[in-house]
Amino acid sequence: MPHDAGVDANDHSSSGTPGPGRGGSLVRPPRQERSRQSLLRLVRAAERVLDEYGVEGLTMASVAAAAGVSVGGIYRRFADKRELLRAVQDDRLCTLEEELVASMRAAEPRLEAVVAALVRPAGDWLRRHAGSVGSFYQADLADPDMRRRTEESYARLRGAFRDGLLADRGRIAHSDPEQAVRIAFALAASALVQRSKVGALPAPDDSLDWDRLCEGVAHACVSYLLTPPP
């Protein structure tokens, strides 16, 4: 029978979600390290279920089975499926933001390198989690706090992108380089998210290879930045 090792009902945060010490997270971690690790294990199990079976297959029972705990152990952490999904979304958003910001900060201070440092890892992440991105979009619509959290993360990513590109601002062929950078970021983000089957957007072209898409998006962004407006 599944066990509840590490799930301490007396030591959990009021929000019931992970994210200890991670910038922008909506949540507070449990106080004890053992409980934090237990909570993270549940979230990782939920992520695996979501990627494999989609939001319809994400149930307390399926996550309990994947994590090796009882269903009661899940309910001691999460009141319902919505709270569990919110925890997964928050954790993934933290991870994505950390990875992309680190990638852009490590890039050579040239337009081509910074654009690639955003587009390539973002495309890889969206490709891996394409099955759950639409669910997260719908969750944002239903949860004002999560929507705000997503918007704040988006703004931080845009800021890191701006900082990297403006280090090479002398090559940006626009009278307002900062506005040009914002447009380039919007172009990249929109193209990648659209390919990820977000529900409110037109059906994507599933035959479009992710690698070619990332290459084309990066080329389009750099070309826009280097080309003077008419």
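What is the Rg over Rh value, at two decimals, for the range 70-116, using alpha-carbon atoms and the Kirkwood definition of Rh?
1.34
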| Distance histogram in 5 Å bins (all Cα pairs of the range 31-72, percent per bin) | 5, 27, 28, 20, 12, 5, 2
| task | State to the nearest 20 debye the size of the charge dipole of the range 74-175 about its Cα centre, where the only charges are +1 on K and R beta carbons and -1 on D and E beta carbons. | result | 80 debye
| request: Would you mind computing Rg(Cα) / (2.2 N^0.38 Å) for the range 55-192, counting N as its residues? | output: 1.27
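Each value in this text was obtained by applying a stated rule to the coordinates, not by laboratory testing. It should be emphasised that the depicted structure is a prediction, and the values quoted were computed from it without experimental measurement. Methodologically, a virtual Cβ is constructed for each residue, glycine included, from the backbone with ideal geometry; neighbour enumeration extends over all protein chains shown.
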